[in-house]
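Read-outs throughout are calculated quantities, based only on the coordinates presented, and are distinct from any laboratory measurement. Note that the structure is predicted; figures quoted are calculated from it, not measured. Using ideal geometry, Cβ is built from the backbone for each residue, glycine included, and neighbour counts are taken over all protein chains shown.
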Amino acid sequence: MAEALLVEGRRTWLKQHTGERRRLALAVLDVVVRLLGLRCLRPPPRLRAGLACELEHRRLRELAARGVPVPRVLGHGEATLLLEDGGPSLARLLRRAGPAEAERLMGLAAGELLRAHPAISRWTRRAACASSIWKKTRCR
């Protein structure tokens, strides 16, 4: 659960990792898919609130260290994070955009993903190189 708060006149988000209701729903789903023999549809294991919060905090630090624009953690507790407002989500921006603007935004988002994940970037360069060789054009 995330709740918007005003702190010193700035919008922030208090994110609480509880998940107990969700844990119960996922447990029911797990039983149903096992009974139906559809093990491939099993939900992923749920982390306890403290571990989920710790994992998110670590991932935000790792992404920020790579230069990915993520909300800054202003404070944290055992199962809560206080985050700066990161602005509207990509999904919200896309809903409001026309086709040309949506295409531009998706290009920016794809560029950020490539920059943030070196393994993806290396793979796409190799794929582009293989495609260039096939088309007998120059590989960069």
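Show me, for region 71-84, the HN-Hα J-couplings you get by feeding each phi into the Karplus relation (A = 6.51, B = -1.76, C = 1.60, θ = phi - 60°), rounded to Hz, glycine and proline as x.
So the J values, rounded to whole Hz, are x, 7, 7, 8, x, 7, x, 4, 9, 9, 10, 9, 10, 5.
Around ALA64, what is the net charge, scoring Lys/Arg as +1 and Asp/Glu as -1 over all other residues with Cβ under 15 Å from its Cβ?
After counting each charged neighbour, the total is +2.
Using amide H atoms built in the peptide plane, which far-off residues or other-chain residues are under 5 Å from ARG72 H to H?
The answer is GLU84.
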